[in-house]
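Down below is the structure, laid out as structure tokens.
Computed from the coordinates by the stated procedures, all read-outs in this text should not be read as laboratory data. Just so we're clear, the structure is a prediction, and the values are computed from it rather than from any experiment. Neighbour counts run over all protein chains shown; Cβ positions are idealised from the backbone, glycine included.
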Amino acid sequence: MMLDDSYSRVSALLAKSFPPELVVSDPEKVADWDSGYGIYARTPRFVVVLENEDQVRSLLSVADRAGVSVTFRAAGTSLCGQTVSDSILAALGDGWNKCQVERDGERIRLQPGVFGAEANRALAPYGRKIGPDPASLDIAKIGGIVANNASGMCCGTAENSYRTLAAIRVILADGAIIDTGDAESVRAFSKSHGAMLDQLDRLARRTKADPVLSERIRRKYQIKNTVGYSLNALVDFDDPIDILAHLMIGSEGTLGFISEITLRSVPHHAHQAVAFLLFPDVVAACKVVTALRLGAPVTAVEVMNQTAIGMRVAQGDTPAYVRGLHEAATTLLVETRAADANALVAQVAAVEAALEDFSPRYLVPFTSDPAQTEELWAIRKGRRSFISGAGRSHGPIILGEDVAFPIEHLAEATADLQKLLHDHGYPPAAILGHALEGNLHFSFALDFSKTDEVERFRRLTDGLVELVVDRYDGSLKAEHGTGRAMAPFVEREWGSKALELMRDIKQLFDPRGLLNPGVVLSGDPDAHLRFR
């Protein structure tokens, strides 16, 4: 919280550094920026619209001189409180839209204001796309996608921002700029920030010298995981520049500002076939997913239980075959893609053979008809069901959680998840997600106008942590980022040695703790319950 004397000083400093039209301080107007798409809300004292790198550096200087915090926001679609602030909220203006395809589509250079779908449209003529493919691709910007290491339906862990990073341009808390794709920038930074790079080198050596810790880090990233900082950078790379670059992925605005990123693109095969399958319950469906993961040529397997289907039906524009399903029913959307038509036919046959032992009911057999495949994917994606500004203290809201389990435990873990919700008195949750990666999203209603609701949610969260971490060694956040929602539980998931590494990283990049405090790391055990 910004104190009044700091407020006055910040106001004066901003007036000297920014045109008045780029600074919002009127209480009624800043209230429009108090929330994102999740359940957390904060009313900023200032909103500063940033149009270029010089303004980013000026704002960081203001924050440093006044000792106040800064939170960066791209599109604001994150769900875990990463882009809300009661201090300075720095919003991207319209000057961050550079999108440059390179090397005949093998790479794409992007500024943080580019929408994910725009990047894919630029790559489409080359038969390629960016790796990350969150359901919010049409409304999420590259800055947020990269800063959260968002993934999605098809990219898994192999094609996310971390794995497809080619170069990154970053503005650090002290205003220094490092462009890892520019040799001269790297040389200059190595000279001016040699001590920082030496410390990164020592952190990496310390990590690699601990076989138990380094093996745990490798194992944790075999499934989707966005809890804490990207510690795999410390075991995957030796060059401190590479380590720095990859630590920025998934850092949620707590280590610096990403002003440009170059990603290696991935093939986007034009030939696809999609089927829509029905199973008696979610456990039966998850058993099928495990079998498909073992060798069937599928690019995506999306699970939706009847509650999730019902939410889509309530939104309207859904086909008749998804209406009236029994309450335990669960569907799988299965997609396979190939480089040519003959290969696609062979892949469909292989997937159908893998499914035979499970006797699924095909609501829609494999189809390559563009209109029908689009219809099927629309069922899965639907319209975003999260309520903006839901951190307010009145009325029901929809909470969306995001976990990942090792695929071999997906069926039993899903059953345990349903039981957990039931035992805490919640109605059946909407369960959907990227089942091929063991990644489940589940949504349910909360009403914080009821005095006991926060305590019930506390108990549920404690039970969820025990289930995901202690029982299955999974990820408390698979792709939505740690945010405020899981910041109190980073040590529980990772252990004390890993947490110490993360704290050392934060101290190295942001010694004054002014970049998005309370996000990723928090000393407050109740941070996840502080919705406003």
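Which order do the peptides 99-110, 227-238 take when ranked by the mean count of other beta-carbon atoms within 10 Å per residue, highest first? Mind showing how you got there, number by number?
Working: 99-110: 17.1, 227-238: 22.3.
Order by mean packing, descending: 227-238, 99-110.
Calculate the FRET efficiency for Glu408 and Ala15 from the Cβ-Cβ distance with a Förster distance of 56 Å, rounded to the nearest 0.05.
On the way: r = 59 Å, r/R0 = 1.05.
In this case the efficiency is close to 0.40.
Ignoring everything except DSSP H segments at least 4 long, calculate the 222 nm mean residue ellipticity for the chain; use -39,500 (n - 2.57) per segment, divide by total residues, nearest 500. It would help to have the intermediate numbers written out before the result.
Numbers: 19 runs with 194 residues, N = 532.
Mean residue ellipticity, 222 nm, calculated: -11000 deg cm²/dmol.
Pop the C-beta distance of Ala117 and Asp5 into the FRET formula with R0 = 41 Å and round what comes out to the nearest 0.05. Let's see the in-between values first.
Details: r = 45 Å, r/R0 = 1.09.
Efficiency computed from Cβ-Cβ geometry: 0.40.
Which of Met153, Met311 comes first, and how do the rest follow, when ranked by fewest Cβ neighbours within 10 Å?
Values: Met153 23, Met311 17.
The fewest-first ordering by Cβ neighbours comes to Met311, Met153.
Counting only DSSP beta bridges with both residues in the chain, tell me the antiparallel percent, nearest 5.
Numbers: 60 of 71 bridges.
Restricted to the chain, the bridges split so that about 85 percent are antiparallel.
Restricting attention to region 280-386, which GluC sites (Glu not before Pro) occupy a DSSP loop and are surrounded by at most 14 other Cβ atoms within 10 Å? Display every interim value, and only then the final one.
Values: sites: Glu302, Glu327, Glu335, Glu352, Glu356, Glu374, Glu375; in loops: Glu327.
Counting only loop positions with at most 14 other Cβ atoms within 10 Å, the GluC sites (Glu not before Pro) in region 280-386 are Glu327.
Among Gly81, Ala296, Leu476, which residue has its Cα positioned farthest towards the positive end of the charge dipole of the chain, with +1 placed on the Cβ of Lys and Arg, -1 on the Cβ of Asp and Glu, and the dipole taken about the Cα centre?
The residue sitting farthest along the positive end of the dipole is Gly81.
At 0.36 nm per residue, and after removing the present C-alpha to C-alpha distance, how many nm does the segment from Thr290 to Ala183 gain when stretched out fully? Kindly include the intermediate steps, with their values, before the conclusion.
Details: separation 107, 0.36 × 107 = 38.52 nm, distance 4.51 nm.
Length difference between fully extended and current span is 34.0 nm.
If you scale each eigenvalue of the Cα gyration tensor by 5 and take the root, what three semi-axes come out for region 99-267, rounded to whole angstrom and sorted largest first? Could you put the intermediate results ahead of the total?
Values: eigenvalues 135, 78, 36 Å².
Whole-Å semi-axes of the equivalent ellipsoid: 26, 20, 13.
Whole angstrom only: what separates the Cα centroid of region 430-503 from the Cα centroid of region 1-78?
Each part reduced to its Cα centre gives a spacing of 29 Å.
Express the relative contact order of region 49-196 as a whole percentage, based on alpha carbon pairs under 8 Å and six or more residues apart in sequence. Don't skip to the answer; put the middle values down first.
Values: 228 pairs, mean separation 26.4, N = 148.
It rounds to 18 percent for region 49-196.
About its Cα centre, what dipole magnitude does region 4-92 give when the only charges are +1 on Lys and Arg Cβ and -1 on Asp and Glu Cβ, stated in debye to the nearest 20? It would help to have the intermediate numbers written out before the result.
On the way: 8 positive and 12 negative charges, 37 e Å.
In debye, rounded to 20, region 4-92 gives about 180.
Answer with one residue from Ile397, Phe442, Pro370: the one whose Cα lies farthest towards the positive end of the charge dipole of region 270-479, charges on Cβ with Lys, Arg +1 and Asp, Glu -1.
After comparing all options, I get Ile397.
Sort 80-90, 258-268 by packing, meaning the average of other beta carbons within 10 Å per residue, with the highest value first. List each step's numbers first, then the result.
Numbers: 80-90: 27.0, 258-268: 21.0.
Going by the mean number of other Cβ atoms within 10 Å, highest first, we get 80-90, 258-268.
Give the long-range amide H neighbours of Gly433: residues separated by 5 or more places, or on another chain, with amide H under 5 Å away, using H modelled in the peptide plane at 1.01 Å from N.
Hits under the 5 Å cutoff: Val303, His441.
Determine the dipole magnitude for region 99-267: charges of +1 sit on the beta-carbon of Lys and Arg, -1 on that of Asp and Glu, nothing else is charged, the reference point is the Cα centre, and the result goes in debye to the nearest 20.
On the way: 21 positive and 21 negative charges, 85 e Å.
I would put it at about 400 debye.
If you stretched the chain out fully between Glu352 and Asp504, how much longer would it get, using 0.36 nm times the residue separation minus the C-alpha to C-alpha distance?
Details: separation 152, 0.36 × 152 = 54.72 nm, distance 5.01 nm.
So the extension gain works out to 49.7 nm.
How high is the FRET efficiency from Asp138 to Glu102, r the C-beta distance, R0 25 Å, rounded to 0.05?
Values: r = 24 Å, r/R0 = 0.95.
With a Förster radius of 25 Å, E is 0.60.
From Cα pairs below 8 angstrom and at least 6 apart in sequence, can you work out the relative contact order of region 178-244, rounded to a whole percent? Mind dumping the intermediate values first?
On the way: 43 pairs, mean separation 24.1, N = 67.
The normalised contact order for region 178-244 reaches 36 percent.
What does DSSP give for region 4-92 in terms of the percent of beta bridges that are antiparallel, rounded to the nearest 5? Don't skip to the end; give the middle numbers.
Working: 3 of 12 bridges.
Counting only bridges with both partners in region 4-92, antiparallel ones make up about 25 percent.
Using +1 at the C-beta of Lys and Arg and -1 at the C-beta of Asp and Glu, which of Thr254, Ile379, Leu278 has the Cα lying farthest in the positive direction of the dipole of the chain?
Most positive-ward Cα: Thr254.
Dipole magnitude of the chain about its Cα centre, charges +1 at Lys/Arg Cβ and -1 at Asp/Glu Cβ only, in debye to the nearest 20?
Details: 56 positive and 69 negative charges, 82 e Å.
About 400 debye.
Please give the length that would be gained between Glu215 and Glu327 if that part of the chain were fully extended, namely 0.36 nm times their separation in residues minus their C-alpha to C-alpha distance (nm, one decimal). Spell out each step's value before the answer.
On the way: separation 112, 0.36 × 112 = 40.32 nm, distance 4.20 nm.
Full extension from Glu215 to Glu327 adds 36.1 nm.
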